[in-house]
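To keep things clear, I will list the structure first and then write my remarks on it.
The values are calculated or read from the model by the stated rules, or taken from the named source; none is laboratory data. This is a predicted model, so every value here is computed, not measured. Glycine also receives a Cβ, built like all others from the backbone with ideal geometry; neighbour counts cover every protein chain displayed.
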């Protein structure tokens, strides 16, 4: 697929040829291509800049969103390329994505704040929260009621049906994901830990994981007094703390964990 920019109109023509250029410009979202939802083999997307910060689309509403550096999130009909709405702010947007269902849009600004928008009216409904540093990852709960986002300050924030602030990682959080029942959250940080959170209580569960190369992973209880599970090469990275039947410690976890 090739993209040809028209200098006068600032439109971008999308043609079904190959997908290489779409990937280069960031027009691939979660492994799927915008072209899969373009009914016309040559569709002009109004005001679509080749210098995009983000791009996303929603299957059910046939709409796409994107933003560059002009403080506007544009919403398109992917079947026609026509602009449906513009979301405007006095700060620069660095990311945007649909809330599941497509009836709301979430924007991320360069001041690390998240806002909720109505895509039909273009109105900003509320500020969802603000991180201390750049936002590194986000995830929605399977029941679509919660949004988790994390940042370089090591804090995970939960917004939506209720709010939580989950602090514990030392360093940036790189990944978050919900359990199928939306009651637990797992997070992975630069501190080398995998943590599990009880969202109802707003605190860590009695479980923590550590990941090392060569199947060297292992999990412990939160007090680090017991190994719960481990990979075959975990012994390369940890000195065990194991108690015998009489309760005597026969090994130690490494210091610093």
Listed by first then second residue, the pairs whose first member lies in segment 49-70 and is within 20 Å of residue 92 (Cβ to Cβ), whose partner is at pLDDT 85 or above and part of a loop (DSSP other than H, G, I, E, B), with beta carbons under 7 Å and at least 6 positions apart or on separate chains, are 69/92
Test result for residue 46, more than 22 Å from residue 138 (Cα to Cα), in contact with a strand residue (DSSP E or B) (Cβ under 8 Å, 6 or more places away or on another chain) and modelled with pLDDT of 90 or more: no
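Scan 152, 127 and give me the residue that is out of contact with any helix residue (DSSP H, G or I) (no Cβ under 8 Å at 6 or more places or on another chain), within 28 Å of residue 197 (Cα to Cα) and either surrounded by 15 or more Cβ atoms within 10 Å (Cβ to Cβ) or touching a residue at least 40 places away in the same chain (Cβ under 8 Å) (or both).
Only one candidate qualifies: 152.
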Condition test on residue 133, is it modelled with pLDDT under 90 and crowded, with 17+ Cβ neighbours inside 10 Å? no
Only unsatisfied item for residue 68, checking (1) more than 24 Å from residue 150 (Cβ to Cβ); (2) at pLDDT 90 or above; (3) surrounded by fewer than 21 Cβ atoms within 10 Å (Cβ to Cβ), is (2)
